[in-house]
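Asker: Have a look at the structure that comes next, please.
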Amino acid sequence: MFAGCDAPPEWCDVHHVVHWAHGGPTSCDNGALLCERHHTAVHEGGFTITRDRGTSRWHTRRPDGAEVLSRAGP
């Protein structure tokens, strides 16, 4: 779900979009598949992953808030 990442799902881990320690449920609605590199970028590098509510449209943002866009487009 990290913009531009083409890692296959079997190489990914499920990331809690709202961290479980902050009340985020363990559910499909609160999960995003992230490869190890991008999972680390979210937890340690300040990147964020969000999804438009009720849709499958994901957004990746840099620590400064700028959206990371996939080369293939949104």
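The values are calculated or read from the model by the stated rules, or taken from the named source; none is laboratory data. Note that the coordinates shown come from a computational prediction; the quantities given were computed from them, not determined experimentally. With ideal geometry, Cβ positions are generated from the backbone for all residues, glycine too; neighbour counts draw on all protein chains shown. Please note that ligands, DNA and RNA were not included when accessible areas were found on the heavy atoms of the full protein model with its side chains. Shrake-Rupley method; radii C 1.70, N 1.55, O 1.52, S 1.80 Å.
Asker: Compute the accessible area per residue over the chain, keeping the other protein chains in place, probe 1.4 Å, unit Å².
Answerer: On the way: 5320 Å² over 74 residues.
Dividing the accessible area of the chain by its residue count gives 72 Å².
Asker: What is the gain in length, in nm to one decimal, between R61 and A21 on full extension, counting 0.36 nm per residue of separation less the C-alpha to C-alpha distance? Please list the in-between numbers first.
Answerer: Working: separation 40, 0.36 × 40 = 14.40 nm, distance 2.14 nm.
Residue separation times 0.36 nm, minus the Cα-Cα distance, leaves 12.3 nm.
Asker: Continuing with this model, one more query. Give, as a single signed number, the net charge of other residues whose beta carbon lies under 15 Å from the beta carbon of V17, with Lys and Arg counted +1 and Asp and Glu -1. Don't skip to the answer; put the middle values down first.
Answerer: Details: positive: R51, R53, R57, R61; negative: D13, D29, D52.
For residues surrounding V17, the net value is +1.
Asker: Kindly give the semi-axes, whole Å and largest first, of the ellipsoid equivalent to the chain, taking each as the square root of 5 times a Cα gyration tensor eigenvalue. Provide the component values of the computation, followed by the final result.
Answerer: On the way: eigenvalues 61, 39, 37 Å².
Ellipsoid half-lengths, sorted descending, are 18, 14, 14 Å.
Asker: For every helix of n ≥ 4 consecutive DSSP H residues, a contribution of -39,500 (n - 2.57) applies; sum these over the chain, divide by its total residues, and give [θ] at 222 nm rounded to the nearest 500 deg cm²/dmol. Mind showing how you got there, number by number?
Answerer: Values: 1 runs with 10 residues, N = 74.
For the chain, the value works out to -4000 deg cm²/dmol.
Asker: Lys/Arg Cβ at +1, Asp/Glu Cβ at -1, dipole of segment 2-74 taken about the Cα centre: which of P63, A32, P8 is farthest positive-ward?
Answerer: P63
Asker: Considering only the other residues whose Cβ falls under 13 Å of the Cβ of H38, what net charge follows from Lys and Arg at +1 and Asp and Glu at -1?
Answerer: Values: positive: R37, R61, R62; negative: D6, D13, E36, E44.
Value of the local net charge: -1.
Asker: I would also like to ask the following. Counting Lys and Arg as +1 and Asp and Glu as -1, each charge on the Cβ, what is the dipole of the chain about the Cα centre in debye, to the nearest 20? If you can, show how the numbers build up before the last one.
Answerer: On the way: 7 positive and 9 negative charges, 50 e Å.
Charge dipole of the chain: 240 debye, to the nearest 20.
Asker: Would you kindly state how much longer the chain becomes between E36 and R53 on full extension, computed as 0.36 nm times their sequence separation minus their alpha carbon distance, in nm to one decimal?
Answerer: Numbers: separation 17, 0.36 × 17 = 6.12 nm, distance 2.50 nm.
The span from E36 to R53 would gain 3.6 nm if fully extended.
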